[in-house]
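See below for the structure under consideration.
Read-outs: derived from the displayed coordinates by stated rules, not from any lab. As the structure is a computational prediction, the values presented were derived from the model and not from experiment. Note that we place each Cβ from the backbone using ideal geometry, even for glycine, and neighbour counts take in every protein chain shown.
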Protein chains: 2
Amino acid sequence: MEAVFAGNMEENVKTNPVVPPLEPVEVEVIQLFVQFARALGQPRSIAEIYGLLFASEKPLAMDTLIDRLNLSKGSASQGLKYLQDLGAVRTIYIAGDRRTHYEAVAELRKLAGRFLRQQILTHFEDTENRLNRIAGQTQKLSDEQQRHIAERIDLLRRWDRTGRRILPFVLKMLGGD
Amino acid sequence: MEAVFAGNMEENVKTNPVVPPLEPVEVEVIQLFVQFARALGQPRSIAEIYGLLFASEKPLAMDTLIDRLNLSKGSASQGLKYLQDLGAVRTIYIAGDRRTHYEAVAELRKLAGRFLRQQILTHFEDTENRLNRIAGQTQKLSDEQQRHIAERIDLLRRWDRTGRRILPFVLKMLGGD
DNA sequence: TATTTTGTTCAATTATTATTGAACAAAATA
DNA sequence: TATTTTGTTCAATAATAATTGAACAAAATA
């Protein structure tokens, strides 16, 4: 391991001086993604990773994310995997460096599209089966209740169809950003 | 307190025999809402309450929800409050019964509309301020980085505007279900 | 071949969120 | 007035989710 060299003595008392601390701008951008992720129920660490990559001009390696965001190896590795599966991050090859580098995919349509699919569409998928199954379990109920449940199931079927119709529309509106 | 009466000896060994256990249909409907709520990051107990009210033909009092769903008083009270604030549940007055009764609001536009507003729109609100603040913090950066951050901020502004445009559109598509 | 670099995996820990239930209050009833 | 019913609040607890870090592996380098 190489000795840490002796410049930069004033600042960076506790942190490795080779790694520049986050700039105020970077902090702000990250915060923006963190609070948005919160609204969507996504973990903070993932938003931090995406945020820093989004703010960064050049692709970053996992090390850098770990050092600058104070993440554990585990979080960084898992977070990057998650973002990559989601298509929110892509890997970049950099000659002469064997570390994988990552950059943020900043196309809203791709991002939001995949997120909606993963988060919502999945759950629409088996709704139809479920509803059919429910429809076949009303024997024990009174006639009045059977009628009511039948109405409810119809309603849920309409909701399901409406939801499915909306998604592609939203995708189209996300356009080419 | 009234003595529990002596019919229904076979079943209901442990549970209060006055309270009918959940029918299979009810269980299924509740499960549907529970798994959807999960996708949206909402607590299970709230989905259970809404689910049972949705399946029920007549309005239910808090007691009934507590007994049939095995909830604590606290959960029931808080859950109903949350649902009422969201507009997902309305109160019904029933003559000769001083308990408040609740029924599910089953209009998709109201439900989804309020949920989206509460969950998403709130977070769009201060984005503009945030972005302006960020834009005024780029002094310390290199020219190249400043240019890049400026581009990113522009992009975020476009995303913000796109998001705002989409919401009313979605609401319109939710139509009159 | 031995060592270092780069990264993954997953059990253990920590942090966060949901749920409970006891204490309390307000209104109705005895 | 005393008691019961109906409901709220909130500190304590339980359940869930996120994060850590140690153990491991594969590939590059010495």
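The table below lists the values:
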read-out: Selected residue (criterion: farthest from the other protein chains (Cβ to nearest Cβ)) from residues of region A:93-123 that are within 14 Å of DNA strand C (Cβ to nearest atom) and under 19 Å from A:Glu48 (Cα atoms); value: A:Thr100
read-out: All positions within region A:128-162 that are loosely packed, with under 12 Cβ neighbours inside 10 Å and farther than 22 Å from B:Val105 by Cα; value: A:Asn129, A:Asn132, A:Gly136, A:Gln139, A:Lys140, A:Ser142, A:Asp143
read-out: Hey, A:Ala37 away from DNA strand D (no atom under 12 Å from the Cβ), out of contact with any Phe, Trp or Tyr (no Cβ under 6 Å at 6 or more places or on another chain) and within 14 Å of chain B (Cβ to nearest Cβ) or not; value: no
read-out: B:Arg133 touching an Asp or Glu at 6+ places or on another chain (Cβ under 7 Å), free of Cβ contacts under 8 Å to residues at least 60 places away in the same chain, charged (D, E, K, R) and facing chain A (nearest Cβ under 9 Å); value: yes
read-out: Members of region B:53-62 that are in a helix (DSSP H, G or I) and either within 10 Å of chain A (Cβ to nearest Cβ) or more than 14 Å from the chain's Cα centre (by Cα) (or both); value: B:Phe54, B:Ala55, B:Met62
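This table checks each residue for (1) away from DNA strand D (no atom under 11 Å from the Cβ); (2) aromatic (Phe, Trp, Tyr); (3) more than 9 Å from every other protein chain (Cβ to nearest Cβ); (4) over 24 Å from A:Arg133 (Cβ atoms).
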{"site": "B:Glu48", "(1), (2), (3), (4)": "yes, no, yes, no"}
{"site": "B:Gly51", "(1), (2), (3), (4)": "yes, no, yes, no"}
{"site": "B:Thr64", "(1), (2), (3), (4)": "no, no, yes, yes"}
{"site": "B:Ser75", "(1), (2), (3), (4)": "no, no, yes, yes"}
{"site": "B:Tyr82", "(1), (2), (3), (4)": "no, yes, yes, yes"}
